[in-house]
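To start, the structure itself, in structure tokens.
The values are calculated or read from the model by the stated rules, or taken from the named source; none is laboratory data. In this text the structure is predicted, and so the values were computed from the model without any measurement. We place every Cβ from the backbone using ideal geometry, glycine too, and count neighbours over all the protein chains shown.
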């Protein structure tokens, strides 16, 4: 039931316009649902959303704070 509601919610969300913190929260929830052995139906659909989030975040430039932290 949670998966169905979550996927239904995501159909109305423009992920491209969301901030990285929001996308990371969505990613965490998707990964939790995908790791749940009871949540097998709809796994392909959730995996596609996870791939989309990965593409969006990888295409974005790194923030100055993250870039500076990565140098250390």
- Task: Hey, can you tell me all the residues within segment 1-33 that are within 17 Å of residue 55 (Cβ to Cβ) and either at pLDDT below 90 or exposed (fewer than 10 other Cβ atoms within 10 Å of the Cβ) (or both)?
- Result: 10, 14, 17, 19
- Message: Which residue is nearest to the chain's Cα centre (by Cα), if the candidates are limited to segment 44-72 and must be surrounded by 10 or more Cβ atoms within 10 Å (Cβ to Cβ), at pLDDT below 85 and assigned to a helix (DSSP H, G or I)?
- Response: 66
- Task: Test each condition in (1) part of a helix (DSSP H, G or I); (2) touching a residue at least 12 places away in the same chain (Cβ under 8 Å) for residue 41 and report the one that comes out false.
- Result: (1)
